[in-house]
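In what follows, a structure is listed as structure tokens, so that the remarks can point back to it.
The values are calculated or read from the model by the stated rules, or taken from the named source; none is laboratory data. Computed from a predicted model, the values in this text were never measured in an experiment. Methodologically, a virtual Cβ is constructed for each residue, glycine included, from the backbone with ideal geometry; neighbour enumeration extends over all protein chains shown.
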Amino acid sequence: MASLHSSITPKHRATIREVAEIAGVSISTVSRALTGHRGVGDQTRSRVVEIAKKVGYQPSGAARSLRTSRSLTIAMLAPDLENPGNQTEVRTAISVAAARGYSLMVFDYSAGSTGGFSVINRIRESDVDGVLLGAARLKVTRELLDLLESGIPVESVGESTTPHVEGTFIVDNATWFHYDKAACTHAARRLFSMGHRQVAYIDWRDQSLLGRTRFQAFQECAIAHGLPESSVTLLKAAKKEEAVGLVQHALANSPTPTAIISGNGVMTPYTLEGIHSAHARIPDDLSFIAFGDSPWHRAFQPSLSVIRRNIEGEAAGMVERLIARIEGREVPEPDIQPTEFIDRASIAPPPQTEPD
């Protein structure tokens, strides 16, 4: 039997042959011991495992794939990769999957994409072990339904169930909606208590269910403060660039909003561009709130008040649950953290108005 210290030198990548030589067993015995295969005694298994740990032996991805009949690859359908929140979700998913020994293939599956058929075909051809459904805006096509109904393990960021209606959208989830609405109500209450009486909310023309829920929270809060529903107006943009002109028009006409809400992360830079091109100062002339948070939201002058979710935690949990499904382990329940309203320097009482 070879000496443990004489066989493995520093910076040397241990092989299964060397583990077998040190343990005094065959290569096939090492393979069976490390994969939980029957037919290996407990004492032998323990010694092989101990030696493998000491020498730093790790089975290659290809070898593990052959033994487990898995490709060790996950597909992720990601809607709207331009959205900063979705970018964060993808980066987190890649990192967590890699730490578990899986590769992640990311497919752009935007709601308006015409390439859905080719995307689904590529996933089928890739022989992936499971599919992640990225956040909140995936259009259900016949091809996607066929994939989801094929029995492949699927996981989403929250509590959504497998969709069954073609042409609808996968939207996660009831808890998400509840938390987002509560945070929007908190933000709206802050604005109205400061004395704001006209608020503009900018979002996509084809507004998602989640977007409508957020907008309605602001309207309901206005009513609760004794204001008309029209105190919160919806500015609809078909393209992100349209946000600039919509904001300029709103600020040049009556009733002029004293606060603007950017309804999603993609809109935020264009909404700010519209505000600055109208020569409005934040927060002296106009208060501003964005959805989503990042270092640049905090570094912007003045720092931007935001409504944010724990995207990193949600994405990490989504990946962990999918891998548990793939490997036949118990799947934990989704842990969705409450959405937060973060009050920063971009909101203030409207000009010449005292707060309540």
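Yes or no: region 237-250 includes at least one residue that is among the basic types (Lys, Arg) and surrounded by fewer than 16 Cβ atoms within 10 Å (Cβ to Cβ). Yes - at least one qualifying residue is present in region 237-250.
GLU340 falls short on exactly one of the conditions (1) closer than 30 Å to ALA99 by Cβ; (2) at pLDDT below 95; (3) not hydrophobic (A, V, I, L, M, F, W, C), and that condition is (2). Looking only at residues of region 1-25 that are surrounded by 11 or more Cβ atoms within 10 Å (Cβ to Cβ) and not in a helix (DSSP H, G or I), we find that the one that is modelled with the lowest pLDDT is ILE8.
Checking VAL96, VAL90 one by one, the residue that is modelled with pLDDT of 85 or more, out of contact with any helix residue (DSSP H, G or I) (no Cβ under 6 Å at 6 or more places or on another chain) and not in a loop (DSSP other than H, G, I, E, B) is VAL90 and no other.
Let's see how each residue does on (1) over 24 Å from SER294 (Cα atoms); (2) in contact (Cβ under 8 Å) with a residue 24 or more places away in the chain; (3) under 27 Å from the mean Cα position of the chain (by Cα):
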site: ASP180; (1), (2), (3): no, yes, yes
site: CYS184; (1), (2), (3): no, yes, yes
site: SER193; (1), (2), (3): yes, yes, no
site: GLN207; (1), (2), (3): no, yes, yes
site: ARG212; (1), (2), (3): no, no, yes
site: HIS225; (1), (2), (3): yes, yes, no
site: LEU234; (1), (2), (3): yes, yes, yes
site: SER262; (1), (2), (3): no, yes, yes
site: THR271; (1), (2), (3): no, yes, yes
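Considering (1) touching a His at 6+ places or on another chain (Cβ under 8 Å); (2) buried (at least 18 other Cβ atoms within 10 Å of the Cβ), the lone condition that GLY274 does not fulfil carries the number (1).
Give me the residue from region 203-215 that is touching a Lys or Arg at 6+ places or on another chain (Cβ under 8 Å) and not in a loop (DSSP other than H, G, I, E, B) and, out of that set, surrounded by the most Cβ atoms within 10 Å (Cβ to Cβ). By that ranking, first place goes to ARG214. Of the residues SER294, SER287, SER262, SER305, the single one that is surrounded by fewer than 22 Cβ atoms within 10 Å (Cβ to Cβ) and polar (S, T, N, Q) is SER294. Considering the conditions (1) modelled with pLDDT of 95 or more; (2) in a helix (DSSP H, G or I); (3) under 30 Å from ALA97 (Cα atoms), VAL306 is excluded by exactly one of them, (2). The residues in region 218-249 that are of a type in the set (A, V, I, L, M), touching a strand residue (DSSP E or B) at 6+ places or on another chain (Cβ under 6 Å) and in a helix (DSSP H, G or I) can be counted, and the count is 3.
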